[in-house]
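Heads up: the structure comes next, in structure tokens.
Please treat every number below as a calculation from the coordinates, not as lab data. Being a predicted model, the structure only gives us computed values, none of them experimental. Note: ideal-geometry Cβ built from the backbone for every residue, glycine included; neighbour counts use all protein chains shown.
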Amino acid sequence: MVFKNLRYRTKAILIIQAIGMFMGTSTHLVWILKNGFLADNYNAPLFSRIFWDSLTFLDPFAAVLLIVKPKSGVYLTATIILLDIIHNNIFYMDELYLNAPEFNEWIVKYWMIIGQVLFGLFVIFTLKSNLKEIKRCL
């Protein structure tokens, strides 16, 4: 198993990323339990509803891969978080940027998107060093 041979720093990063992906899972799971799968409550096109609800399954899959198959896990995690950030910023473009409320209200209303972007930056900025360490252990 590659994970056990990784340096402590890389293990810690992958565990933090796995926790982040499980946090994303919980967000999507709570939504589905409250509103149903592909719920109309999203007030979103079918593509967006499918994308968001699919993360209920893709996020934990990526989290597990980070530990079981780290190379696949870091690629899948980076892909998921980048697509999610891009999708959410396009979907909420009007609310986030064009007709945004005052800064304090914006922070309170969109704190999850801010967290998502920060997590995405963490994933991207650690991608190269993670892959280098994983390659060393293969």
Report task. Multiply the residue gap between Met1 and Ser26 by 0.36 nm, knock off their C-alpha separation, and tell me the result in nm, one decimal place. Result -> 6.2 nm
Query raised in the report: Taking the stretch 1-47, how much of its Cα-Cα pair set, in percent, is spaced more than 12 angstrom apart?
Result: 70
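Which three numbers, in whole Å and largest first, are the semi-axes of the equivalent ellipsoid of the chain derived from its Cα gyration tensor as √(5λ)? Show your work: numbers first, answer last.
Numbers: eigenvalues 182, 61, 27 Å².
They are 30, 17, 12 Å, listed largest first.
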Report summary line: With 0.36 nm assigned to each residue of separation and the Cα-Cα distance removed, Glu105 to Leu46 gains 18.4 nm
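First select every other residue whose beta carbon is under 11 angstrom from the beta carbon of Ala39; then total the charges, Lys and Arg +1, Asp and Glu -1. Can you show the working numbers first?
Working: positive: Lys34, Arg49; negative: Asp40, Asp53.
Once positives and negatives cancel, what remains is 0.
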Report task. Would you mind counting up the charge near Lys109? Only other residues with Cβ under 12 Å from its Cβ, with Lys and Arg at +1 and Asp and Glu at -1. Result -> -3
Query raised in the report: Measuring from a point 7 Å past the Cα of Asn35 along Cα-to-C-beta, which residues in the stretch 103-138 have an amide N at less than 18 Å?
Result: 109-114, 116
**Report entry** Label point distance in nm, Ser72-Phe125, each placed 7 Å from Cα along Cα→Cβ
**Finding:** 3.0
